[in-house]
Amino acid sequence: MTDPGCKLFDRSRGIHEATFVERPNRFLVRCDLEGAVVEAHCPNPGRMLEILLPGTPLLLQKRPDRADRRGAGKRPLEYSLVAARHQGILVPLASARANDLAERIVVPLLFPDARSTRREITMGKSRLDFLIELDEQGKLEEQARRRASSLPGAGQLFLEVKACTLVAEGTAMFPDAPTLRGLKHLEELESLAAQGRAAGILFLLMNPRARRLVPNLHTDPAFTSKLLSLREKIWMRAVSIRTAENGRSTVASPDVPVDLTAAAAVLEDSGAYLLIIKVPGQTRFAAGSLGEILLMPGWYVYAGSGRKNLSARIARHQRRRKKLHWHIDHLLACVRTADITGLPIRSRHDLECALAREVATLAEEAVPGFGCSDCACRSHLFRFARDPLGDRAFLDLLLHYRHRVALA
């Protein structure tokens, strides 16, 4: 079957080129449009840290005037974010359009013999994206049977669709932030499977460079663990999407491997982590045998590790009340918990020291001897003049460890 494509936006209808400035909240971005800063609706609740960096080229669509809509008393946003240019690839960002893509180009490709496809299906208290009516024999494609041979020939497939924009070094990861809603959807699919119904999840990878899909064990271990538990119970598929300059999206690869083996390390809760600590002013504190330390204002990155207790270790760092034991405890006692960000890297490998050495190459300076009394490193605490989460080199390093090194 020829892929007809799906038009996600039309350049002839109010599409504007802009660059990203900042994201004050999940639903709002500020952009530079021809020298003026404008606000635009962000239709994707994901973090998209690796995409929404200052200077990233964006496509904005002018929103139609709707003076009669609810909430018209509030100043409506003139623009909506539709796509970004990320490493030379046009990545659609309107997650609500994922179901349009699925309905128009993916489901017909995967299930050419389907009798009908219905959207927004209510099952008790649950709502699922699609109900696909298969042929009389209830046949799923041969690839589906190889991956989920326990599926009954019930003639129907209940399907959830998830859009994924996080792709680095060929590995896509979903979700890019903890998702209670996504976890609930997996539980709904599990319930359907327990009733003998055919249920499945379809990941749409919005970047054609994706070569595999791994559930995001680093940022959402609960979602990952649940998906691992369903590997023999539900149908799973990942499909990559390519979007052209004219706004038309087509299937790049109809069968990107869903790699659950690589995510199994989440069950061990081991690995390394980075803490980002904002220090707004000069801070002086005593750190055990290191004596008194004076820190200049900036953002400090600390590299640590947790064996079998990674989640608890990061949670302890973000807790205000605790016994001061390590060097890092004395520093964290001087800052607000709101100024502490934990970045886990779950892995079976011991990555702490290698990670610290690589962070050192990006930082302005190191705090000598900090956090490294039990190794040969010069330091495990490094100062950045600006927030490293807005720095492409730092994010590339984080993604390199999460998407490749940790999974090796």
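Read the figures in this text as sums done on the coordinates, not as results from a lab. Since this is a predicted model, take the numbers as computed values, not measurements. Cβ: placed from backbone, ideal geometry, glycine included. Neighbour counts: every protein chain shown.
A few comments on the model shown:
- Fewest-first ranking of R23, R115, using other Cβ atoms within 10 Å as the exposure measure: R115, R23
- Filtered chymotrypsin sites (Phe, Trp or Tyr not before Pro), the stretch 1-66: DSSP coil and at most 15 other beta carbons within 10 Å: F27
- Spread over its residues, the convex hull of the C-alpha atoms of the stretch 175-245 is 101 Å³ per residue.
- Scalar couplings 3J(HN,Hα) for the stretch 398-408, obtained by applying the Karplus form with A = 6.51, B = -1.76, C = 1.60 to θ = phi - 60°, are 4, 5, 4, 6, 6, 8, 10, 4, 5, 9, 5 Hz; x denotes Gly and Pro.
- P(r) weight above 18 Å for the stretch 359-408, C-alpha pairs, percent: 42 percent
- With a simple spin-label model that places each label point 7 Å from the Cα along the Cα-to-Cβ direction, the separation between I15 and M123 comes to 3.7 nm.
- In nm, spacing of pseudo-spin labels at A222 and R85 (7 Å Cα→C-beta vector): 3.9 nm
- Over all pairs of different C-alpha atoms, the stretch 8-86 has a mean inverse distance whose reciprocal, the Kirkwood radius, equals 13.0 Å.
- Relative packing of 372-381, 101-110, which averages over residues the other C-beta atoms within 10 Å, highest first: 101-110, 372-381
- Binned Cα-Cα distances of the chain, short to long, each 20 Å bin given as a whole percent: 24, 51, 23, 2
- Among 216-229, 315-328, 355-368, the peptide with the highest mean count of other Cβ atoms within 10 Å heads the list, and the full ranking is 216-229, 355-368, 315-328.
- Packing, as the average of other Cβ atoms within 10 Å across residues, places the peptides 180-192, 265-277 in the order 265-277, 180-192, highest first.
- Taking only the alpha carbons of the stretch 96-266, we obtain Rg and Dmax values of 15.1, 45 Å in that order.
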